[in-house]
Amino acid sequence: MCDNLSAETADEWYYQLQDAISSLQEFPNRCSLAPEAPTIGRTIRQLWVGKRRKYRVLFVIEEDVVAILHVRHSHQPPLSDGSV
């Protein structure tokens, strides 16, 4: 988090992110495919988090396990094959 944010704001962001990731336990396929998926050659999904969709949680579903790959700010460039 940025140094200019309060501890309360950081806590709120953290718990919002944690709740969003926990929500993937049910119906993770509800999330759209990430634009990186065709380039990387894996079925990578994305869950948008935060006000104004500032963060993307990138994940894969392997059998009954949801594996988080990255949490990325919306201004970060897409993943490349070497960054997964």
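Condition first: surrounded by fewer than 11 Cβ atoms within 10 Å (Cβ to Cβ), of a type in the set (A, V, I, L, M, F, W, C) and closer than 18 Å to residue 32 by Cβ. Now tell me which residues in segment 43-66 satisfy that.
Those that are surrounded by fewer than 11 Cβ atoms within 10 Å (Cβ to Cβ), of a type in the set (A, V, I, L, M, F, W, C) and closer than 18 Å to residue 32 by Cβ: none in segment 43-66.
(1) closer than 12 Å to residue 24 by Cα; (2) surrounded by 14 or more Cβ atoms within 10 Å (Cβ to Cβ): which one isn't true of residue 40, the others all being true?
(1)
Just checking, does segment 16-32 include any residue being of a type outside the set (Gly, Ala, Ser), in contact with a Gly (Cβ under 9 Å, 6 or more places away or on another chain) and touching a residue at least 12 places away in the same chain (Cβ under 8 Å)?
Here is the first cut: in segment 16-32, the residues of a type outside the set (Gly, Ala, Ser) are 16-19, 21, 24-31.
Keeping just the survivors that are in contact with a Gly (Cβ under 9 Å, 6 or more places away or on another chain) gives 16-17.
Still in the list and also touching a residue at least 12 places away in the same chain (Cβ under 8 Å): 16-17.
Looking through segment 16-32, at least one residue is of a type outside the set (Gly, Ala, Ser), in contact with a Gly (Cβ under 9 Å, 6 or more places away or on another chain) and touching a residue at least 12 places away in the same chain (Cβ under 8 Å).
Within segment 72-81, take every residue that is surrounded by fewer than 16 Cβ atoms within 10 Å (Cβ to Cβ) and touching a helix residue (DSSP H, G or I) at 6+ places or on another chain (Cβ under 9 Å) and give me the one that is nearest to residue 31 (Cα to Cα). Show your work before the answer.
Of segment 72-81, the ones surrounded by fewer than 16 Cβ atoms within 10 Å (Cβ to Cβ) are 73-78, 80-81.
Narrowing the set further to residues that are touching a helix residue (DSSP H, G or I) at 6+ places or on another chain (Cβ under 9 Å) leaves 78, 80-81.
Working: 78: 17, 80: 20, 81: 21 Å.
So, considering only residues that are surrounded by fewer than 16 Cβ atoms within 10 Å (Cβ to Cβ) and touching a helix residue (DSSP H, G or I) at 6+ places or on another chain (Cβ under 9 Å), the one nearest to residue 31 (Cα to Cα) is 78.
FYI, it's all coordinate maths here, none of it is from the lab. Computed from a predicted model, the values in this text were never measured in an experiment. For neighbour counting, all protein chains shown are included, and Cβ atoms are generated from backbone atoms with ideal geometry for every residue, glycine included.
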